[in-house]
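Everything below concerns the one structure shown next.
The values are calculated or read from the model by the stated rules, or taken from the named source; none is laboratory data. All of these numbers come straight from a predicted model, not from anything done at the bench. Glycine gets a Cβ as well: all are built from the backbone with ideal geometry, and neighbour counts include every protein chain shown.
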Amino acid sequence: MKTKETHKPCQGVWVFGDYRNYFQNRVTLQLIAKGRQLATKLKTEVMVLLLGDHVHQYAMEYVAHGADVVMVVDHPRLKDYHVEIYTRIVDQLVKHFRPEIFLAGATAFGREFFPRLAKRLSTGLSADCVSLEIDEQTGLLIQTTPAFGGELLADVVTPEHRPQMATVHPGIFSEIPHQHGAMGRIVYPEVAIVPDERVELIHSRPEQVHKGRLEEAPVVLVGGRGLGSGEKFQMLFEVAELLGGDVGATRPVIKAGWAENTRLLGQTGKSVKPKLLISIGTSGALQYTTGIQGAENIVAINRDPHAPIFKMADLGLVGDAKAILTLLLEKLRKRLQGKKEKRSGVPA
Ligand SMILES: Cc1cc2nc3c(=O)[nH]c(=O)nc-3n(C[C@H](O)[C@H](O)[C@H](O)COP(=O)(O)OP(=O)(O)OC[C@H]3O[C@@H](n4cnc5c(N)ncnc54)[C@H](O)[C@@H]3O)c2cc1C
């Protein structure tokens with residue numbers, strides 16, 4: 001394949017197919033859905049680029065979730081992810097096919113891989129975008145991303161260089177449900193798999209995935225710094241159990257060691273979309289609220305009536321976190337007790 005830049009027009013919305021942890025991390029599917037909307041506006045196609053070894057099953061999945069085309073580079077050398085090999089291959093493909101837009105998940109992988117690729121392609125990259133739209137006048141991709149430490153949202157455009165590249169946090173967009181019988185093309189380009197001599201993978205082991213599946217819990221309680229101690233944070237687990245939910249945390253909580261990293265919500269953590277989210281002792285910083293904006297109902301508890309979290313809450317309770325949690329626990333325990341008595345017909 002010629003990797004020299006040609007002057008054919010750029011077209012197509014590309015999504016990088018990050019299929020590792022497919023069932024835990026649906027960000028590629030979410031990006032295909034968003035890519036479809038963008039491609040429709042640009043009157044072009046959405047294509048997923050997939051690198052790996054024996055990855056045909058994922059190509060079929062991507063078609064079923066809305067991809068028009070899946071470009072597969074299937075080779076034993078691509079079984080494990082090597083940033084240098086991946087960057088060289090994708091660099092060749094992008095220079096040859098010249099996509100207009102290229103998206104990837106803002107996962108640990110996307111955060112390492114996409115900046116390298118953007119540098120190599122001499123184009124711009126907006127990290128951790130929370131919205132992507134097409135400018136009706138210019139046709140440019142408007143990449144909305146938190147800026148200045150999250151104090152404001154900036155709309156970034158890449159007017160001159162291509163592709164327009166962005167990473168998006170998992171959970172921001174919704175995937176298209178699996179469609180049986182969806183039609184798409186799967187193509188296998190010829191590409192040079194240049195061996196990487198500098199890095200050797202000696203051993204790998206899967207990351208322990210948080211058992212509670214925070215992302216799918218119908219009720220999520222989030223504790224912030226305002227809880228004041230690890231002991232008070234533990235109260236959230238009892239409330240969550242009684243409500244059939246799970247527990248998330250803000251960054252200061254993780255830093256203080258009150259909760260493990262897998263519970264972090266926000267720009268650098270997970271995004272959740274529960275029916276009910278109760279945010280306790282959190283100020284409402286943009287980097288955190290990015291991860292909870294998909295919640296159907298938000299209840300905020302904070303002792304400061306001017307805390308920004310109240311601006312996005314459906315219901316706000318001004319008061320001490322521990323006092324409110326203690327009351328809530330009492331009520332929930334009583335309700336549970338009442339249900340038990342009703343079932344057995346005997347007061348316990
Ligand atoms: C690049 C970058 C990325 C980041 N990514 C993330 C991220 O992914 N997730 C994240 O969470 N943060 C992230 N942060 C940090 C973020 O900016 C905030 O600092 C953080 O979210 C604040 O957490 P908090 O609300 O728990 O703490 P604080 O901002 O300190 O708020 C504590 C709140 O508790 C209230 N309070 C205090 N005592 C009580 C009490 N007794 N009862 C009730 N309320 C009380 C206070 O009024 C206050 O509003 C990031 C920052 C940067 C710069």
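Structure above, values below:
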| item | result |
| --- | --- |
| Filter result for residue 338 (more than 9 Å from the ligand (Cβ to nearest atom) and loosely packed, with under 15 Cβ neighbours inside 10 Å) | yes |
| Per-region count, the stretch 241-251, residues within 6 Å of the ligand (Cβ to nearest atom) and either surrounded by fewer than 18 Cβ atoms within 10 Å (Cβ to Cβ) or closer than 22 Å to residue 218 by Cβ (or both) | 1 |
| Criterion (in a strand (DSSP E or B), touching a Cys at 6+ places or on another chain (Cβ under 9 Å) and either of a type in the set (Gly, Ala, Ser) or at positive phi (or both)) met by exactly one of 166, 154 | 166 |
| Every pair of residues 6+ apart whose Cβ atoms lie under 7 Å, when the first sits in the stretch 106-131 and is within 17 Å of residue 89 (Cβ to Cβ) while the second is of a type in the set (Ser, Thr, Tyr) and in a strand (DSSP E or B) | 110/167; 114/167 |
| Positions within the stretch 155-181 being more than 23 Å from the chain's Cα centre (by Cα) and surrounded by fewer than 16 Cβ atoms within 10 Å (Cβ to Cβ), in sequence order | 159, 160, 161, 180, 181 |
| Matching residues in the stretch 262-275 - criterion: being within 12 Å of the chain's Cα centre (by Cα) and either within 10 Å of the ligand (Cβ to nearest atom) or not assigned by TED's automatic domain parsing to the domain that holds residue 241 (or both) | 265, 266, 267, 268, 269, 270, 271 |
| Residue match in the stretch 299-313 (condition: modelled with pLDDT under 95 and either over 24 Å from the mean Cα position of the chain (by Cα) or within 8 Å of the ligand (Cβ to nearest atom) (or both)) | no |
| In the stretch 124-154, residue nearest to the chain's Cα centre (by Cα) [restricted to those that are among the acidic types (Asp, Glu) and exposed (fewer than 14 other Cβ atoms within 10 Å of the Cβ)] | 151 |
| Odd one out for residue 278, checked against (1) surrounded by 17 or more Cβ atoms within 10 Å (Cβ to Cβ); (2) more than 9 Å from the ligand (Cβ to nearest atom); (3) within 25 Å of residue 27 (Cβ to Cβ) | (3) |
| Single unsatisfied condition, residue 148 versus (1) in contact (Cβ under 8 Å) with a residue 12 or more places away in the chain; (2) on the phi > 0 side of the Ramachandran plot | (1) |
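Okay, residues lined up against (1) surrounded by 14 or more Cβ atoms within 10 Å (Cβ to Cβ); (2) at pLDDT 90 or above:
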site: 186; (1), (2): yes, yes
site: 192; (1), (2): no, no
site: 203; (1), (2): no, no
site: 210; (1), (2): yes, no
site: 213; (1), (2): no, no
site: 222; (1), (2): yes, yes
site: 226; (1), (2): yes, yes
site: 233; (1), (2): yes, yes
site: 256; (1), (2): yes, yes
